[in-house]
Structure formats: structure tokens, C-alpha cells
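The values are calculated or read from the model by the stated rules, or taken from the named source; none is laboratory data. What you are looking at is a predicted structure, and each value in this text was computed from that prediction instead of being measured. Positions of Cβ are backbone-derived with ideal geometry, glycine not excepted, and every protein chain shown enters the neighbour counts. The area values use the complete protein model at the heavy-atom level, side chains included, leaving out ligands, DNA and RNA. Shrake-Rupley method; radii C 1.70, N 1.55, O 1.52, S 1.80 Å.
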Amino acid sequence: MEMSAEGGVLAPTVDDGPTRAGSVDRFRMAHTLPGCFVGECKSGHEKEISMDARFAHHSNPVGAKVVKYIVSASKVVSDSTLPAATRHLVEIRASQINGCAVCIDMHTKDAAHAGETSVRLNLVAAWREAKVFTDAERAALELTEQGTRIADAAGGVTDEAWADAAKHYDEDQLAALVSLIAIMNTWNRLNVITQQPAGDYQPGQWG
């Protein structure tokens, strides 16, 4: 929670109107001072904040070409025998770790649209203590975490994590799983570095 210089709280509120114009995502922040209530403050503390992406990949020839090939690689993974539910979990967990809002927005909505439950979606970030994931999914999530947090561990991905994943997935599925982890980390970094705004994604929007 962010505090203002006056001691108030900056709390996000929902704007009823359209939220995107090109690459700009607009929303209101209610500057709530002690005694004020979000949506009811009449003291003029509200202000509109514009979230503008630093860079549009599709509008640059080099960026567009890079994105094209990443999309092609992603299609190879989506066409593989790696279970769709596992793919969604991997996409969400990598994006959570990397703090990629636009990817979290996209992949949680896509997963829900595909039939994933809210209970499982809500527990992805704390999957170790959750009993709603299969052993195979837990192995994929462990590999995702270790493969995403390589810099946090001098030994990289452990033999145990690899062996557990190999126990549940065949070679083609392992190839898809490892590739998906790498691809998601690529998407996350492209979006975080360029500050792509999030919140208005609709399932199936990108085909």
C-alpha cells in the first residue's frame, strides 16, 4: 500500500469508461486522506494517472520480428502433448515470480476461460502448501520456479527437481516444459522492461 506525503493512502478505483487508447491504460487513483473514503471523497484529492508503455514491440521492425518468432516458438509448445492445465500453471507462476502484470492478467484469464477453477488459480503462488495440484503439476511448478530463479541459486536447477519432472513427463513433454519456462521468462522480461500496462485483456484477444 502506498502512502502519500500527507499520510493518506493511494487506493486504486475502477473507472467505468474505456481504459485503453492505443498503448495508454488510464485509471483513477483516489488520494484518500484520513477520514476520507474511496469513491466518496469530495475534497478534490482524486487524480487520473496515465500508464503508458515505454515501447511498442509491434511498431518497430526489429521488435516485431522478434515477437513473431517468439509466438512461433510458443505455438510449438501449445501444439505439444504437455497438458494445457500444466501450461497455464507454468505461465502464471513464472509471471508471478517476475512480476509481469500483463502476463498474469492474460494467463489467469485464459486459464479461467479454459475451465480452470478459481481455487487453483488463487493457490498457484502458494502451491507447496496447497492440496489441489497433482504430483505432475507440482513437479512442473518446482521446475518453473527453479528455472526462473536461476540467479538466486548458485547450483541452478537441482538434479532432484529435474528427476521429479522426468518422472512425470516424457521427453517431448519435457522439451515443451523447458521451452515454455524459457519462453515465459522471455515474455515477462520484454513486458516488464517496457512497462506494458495490464488489466483489460480479454480471453482469446491475441488469437
Expected sort for 97-110, 192-205 on mean C-beta neighbours within 10 Å, highest first, is 97-110, 192-205
Note down the net charge around residue 146, summing +1 for each Lys or Arg and -1 for each Asp or Glu among other residues with Cβ under 12 Å from its Cβ. -4
Computed magnitude of the charge dipole of the range 69-207 (debye, nearest 20; Cβ of K, R +1, Cβ of D, E -1): 320
Summing Lys, Arg as +1 and Asp, Glu as -1, what charge do residues with Cβ under 13 Å from the Cβ of residue 174 carry, residue 174 excluded? -3
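Would you please report the Å³ per residue occupied by the convex hull of the alpha carbon atoms in the range 118-163?
74
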Accessible area of the range 107-207 belonging to carbon and sulfur atoms, whole % at 1.4 Å probe: 55
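Could you rank the peptides 179-188, 137-146 by their average count of other C-beta atoms within 10 Å per residue, with the highest value first? Write out the running numbers ahead of the final one.
On the way: 179-188: 20.5, 137-146: 22.2.
Result, highest mean Cβ count within 10 Å first: 137-146, 179-188.
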Quick one: grab Rg to one decimal and Dmax as a whole number for the range 50-207, Cα atoms only, in Å. 15.6, 48
Please compute the per residue accessible area over the range 88-207 with all protein chains in place, 1.4 Å probe, rounded to a whole number of Å². 51
So what's the net charge close to residue 88: Lys and Arg +1, Asp and Glu -1, counting the other residues with Cβ under 11 Å from its Cβ? 0
